[in-house]
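Student: Quick one: the structure is below, and I'll ask about it shortly.
Just so it is clear, none of the values below were taken in a lab; they were calculated from the coordinates. Source: prediction; values computed, not measured. Here Cβ is always computed from backbone atoms with ideal geometry, including for glycine, and neighbour counts include all displayed protein chains.
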Amino acid sequence: MSESNTELKNILEAALLVAGRPLTVDNLLALFPVDSQPSREEIKDAITGLVEDYDDRGIELKQIGKGWRFHSRDKYADWLGRLTQEKPPRYSRAALETLAIIAYRQPVTRGDIEEIRGVTVSTEIIRTLMEREWIRQVGQRDVPGKPALYGTTNDFLEYFNLKSLNELPTLDELRDLEEISRELNLPLEFGDSAEPVAETTGHTETEESDETTATGQDQDEDDDSSGSLHAAIKAEALEEEEQAETALSAASSSDQSS
């Protein structure tokens, strides 16, 4: 390799290491003055050379979306996790199920997601995924009401180290959500239930949980009321029995006196 090509590789290597985000070929070309820019093919050849250079290293150069980024290899995640005490963000099963549906079926509306999951999707879940910049509104469906259509973003590809959506596992390769979440270092909160929504209601999962709690409280109150009623009836019966015994005793005493 010529000295100029070696220098080009060094420049690209340094830029990719400090960028902190994927860099496209256009981003890398912008590093050079217009009158001395390398060709796109030279950039791509240099990137290929870097990929080969890091083939047996602890970090690798990987294509993410349309860009390239250095990152540590997955097999060293356990060791690197000890560098920081910061706990990773936790995501509910409902949030990850919603994200998976958007990734596989995009573009989709909230109605599409609800039909697949069997429960209504809370606004908070959509807001969380959009604030995380994993999903975005990509348009509106041309039906009455013009519901928003959602799709994934480049940040989604970057976070999950995907070159494209084609690298998502095929549906017949999907495994348990808990197993996948451990591999992605996305701890799940398994507190939320996924009970089907009654056809005559339009409540969210949170509302259902609240209603379930309220129903349980009402049932407890009914049980308490029922217990009190039974106790009162029993006490009244005992009182009547005592009165009857007293009356019999009095009648017996009267007969003996006669």
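Student: Which of the GluC sites (Glu not before Pro) found in the stretch 38-110 are in a DSSP loop and have at most 11 neighbouring Cβ atoms, other than their own, within 10 Å?
Tutor: Numbers: sites: 41, 42, 52, 60, 86, 97; in loops: 86.
Listed in order of number, the matching sites are 86.
Student: Moving on. What FRET efficiency comes out for the pair residue 24/residue 84, r = Cβ-Cβ distance, R0 = 35 Å, nearest 0.05? If you can, show how the numbers build up before the last one.
Tutor: Working: r = 29 Å, r/R0 = 0.83.
Calculated value: 0.75.
Student: Let me ask another. If you filter the stretch 77-171 for trypsin sites (Lys or Arg not before Pro), then keep DSSP loop positions with at most 16 other Cβ within 10 Å, what is left?
Tutor: Values: sites: 82, 90, 93, 105, 110, 117, 127, 132, 136, 141, 163; in loops: 90, 132, 141, 163.
Taking the stretch 77-171 and a limit of 16 other Cβ atoms within 10 Å, the loop trypsin sites (Lys or Arg not before Pro) found are 90, 132, 141, 163.
Student: What distance in nm lies between label points placed 7 Å from Cα along the C-beta direction at residue 75 and residue 52?
Tutor: Taking the two extended label points, one gets 2.2 nm.
Student: Moving on. Suppose each label sits 7 Å from its Cα in the direction of the beta carbon; what would the residue 116-residue 166 distance come out to in nanometres?
Tutor: 2.1
Student: Using DSSP to call loops (not H, G, I, E or B), can you name the trypsin sites (Lys or Arg not before Pro) in the stretch 18-77 whose Cβ has at most 11 other Cβ atoms within 10 angstrom? Write out the running numbers ahead of the final one.
Tutor: Numbers: sites: 40, 44, 57, 62, 66, 69, 73, 75; in loops: 57, 66, 73.
Here the trypsin sites (Lys or Arg not before Pro) that fit, given the DSSP loop and packing criteria, are 57.
Student: Past the 32 Å Cα-Cα mark, which pairs from 66/87; 9/87; 44/87; 9/163; 87/163?
Tutor: Details: 66/87 30 Å; 9/87 36 Å; 44/87 38 Å; 9/163 22 Å; 87/163 27 Å.
Listed pairs above 32 Å: 9/87; 44/87.
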